[in-house]
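The values are calculated or read from the model by the stated rules, or taken from the named source; none is laboratory data. Remember, it's a predicted structure, so these values are computed and weren't measured experimentally. Here the Cβ is made from the backbone with ideal geometry for all residues, glycine too, and neighbour counts use every protein chain on show. Accessible surface areas use protein heavy atoms only, side chains included; no ligands, DNA or RNA. Shrake-Rupley method; radii C 1.70, N 1.55, O 1.52, S 1.80 Å.
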Amino acid sequence: MRSRALAVQAAMLLILAAGCAKTPATTTASAPSPTGTAMTVPTGRSMDGSGGVRQASATGTTGMRERVDQYRAAGDLVDVHFEFDKYDIRPEAAKMLDADAAWLKANPRHLVLIEGHCDERGTVEYNLALGERRAKATQNYLSAHGVAASRITVVSYGKERPQCMESSEACWAKNRRAHFLVKNQ
């Protein structure tokens, strides 16, 4: 009788042990970095808190770092705008990019810098990545329409350089853009 009671207790112990919830394995993998060759550099205060402004630079398709301050505005190139939280080229933006591509093909001695910008909503890191995707989508469109990829450099400023400072949908729409600057080769 005693051995039977021990067997029942052992069986119950095994059932309890098997039935206990196990802690699932966890991983700490981070999200992969956005692909492409953009340098995502927020402007403003330096990381050490000294208040110094960082000199932004960008990486082109050749991997060479270029100084952003060497580029200037080109009145013939028109900014393209994006929907909230998107980086796909809309049909109306495609028409503007077709005109931009034609200008760039007609002016082969100009290099182009595409700046990716976002509105104020979201974190700095998220907007830097989204701005990079917008600049890369614009670069890919221009390259697919005959502009040599070696002439194009991209940089993301995320929400750090707004064109409009109001907190309204109309203003935010102006800030979600790819902006063009050029320099001579």
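Determine whether the stretch 93-107 contains at least one residue that is in a loop (DSSP other than H, G, I, E, B), among the basic types (Lys, Arg) and over 18 Å from the mean Cα position of the chain (by Cα). Even if it seems obvious, please write down each step before you answer.
Step one: list which residues in the stretch 93-107 are in a loop (DSSP other than H, G, I, E, B), which gives 107.
Then keep just the ones that are among the basic types (Lys, Arg); that gives none.
The answer is no, given that none of the residues of the stretch 93-107 is in a loop (DSSP other than H, G, I, E, B), among the basic types (Lys, Arg) and over 18 Å from the mean Cα position of the chain (by Cα).
If I filter the stretch 124-166 down to residues being open to solvent by less than 20 Å² (accessible area, probe 1.4 Å) and among the polar types (S, T, N, Q), which single residue comes out as nearest to Lys183 (Cα to Cα)?
Once the filter is applied, the top-ranked residue is Thr153.
Looking only at residues in the stretch 167-185 that are of a type in the set (Lys, Arg) and not in a strand (DSSP E or B), which one is surrounded by the most Cβ atoms within 10 Å (Cβ to Cβ)? Can you show your working first?
To start, the set of residues in the stretch 167-185 that are of a type in the set (Lys, Arg) comprises 174, 176-177, 183.
Still in the running and not in a strand (DSSP E or B): 174, 176.
On the way: Lys174: 16, Arg176: 25.
If we take residues in the stretch 167-185 being of a type in the set (Lys, Arg) and not in a strand (DSSP E or B), then Arg176 is surrounded by the most Cβ atoms within 10 Å (Cβ to Cβ).
Provide a single number: the residues in the stretch 108-138 that are assigned to a helix (DSSP H, G or I) and among the basic types (Lys, Arg). Reasoning before the result, please.
We begin by selecting, within the stretch 108-138, every residue assigned to a helix (DSSP H, G or I); these are 124-138.
Now restrict to residues that are among the basic types (Lys, Arg): 133-134, 136.
Total meeting the criteria: 3.
From the list Tyr87, Tyr141, which residue is modelled with pLDDT of 95 or more, over 17 Å from Gln185 (Cβ atoms) and under 19 Å from the mean Cα position of the chain (by Cα)? So that I can check it myself, show each step before the final result.
Numbers: Tyr87 fails: modelled with pLDDT of 95 or more.
Exactly one residue qualifies, and that residue is Tyr141.
List pairs: first residue in the stretch 124-136 and more than 10 Å from Lys159 (Cα to Cα), second residue charged (D, E, K, R) anywhere in the structure, Cβ distance under 7 angstrom, at least six positions apart or on different chains.
Ala135/Glu115
Have a look at Leu111, Leu104, Leu97 and point out the one that is open to solvent by 10 Å² or more (accessible area, probe 1.4 Å), among the aliphatic types (A, V, I, L, M) and at negative phi.
On the way: Leu104 fails: open to solvent by 10 Å² or more (accessible area, probe 1.4 Å); Leu97 fails: open to solvent by 10 Å² or more (accessible area, probe 1.4 Å).
Just one listed residue meets the conditions, Leu111.
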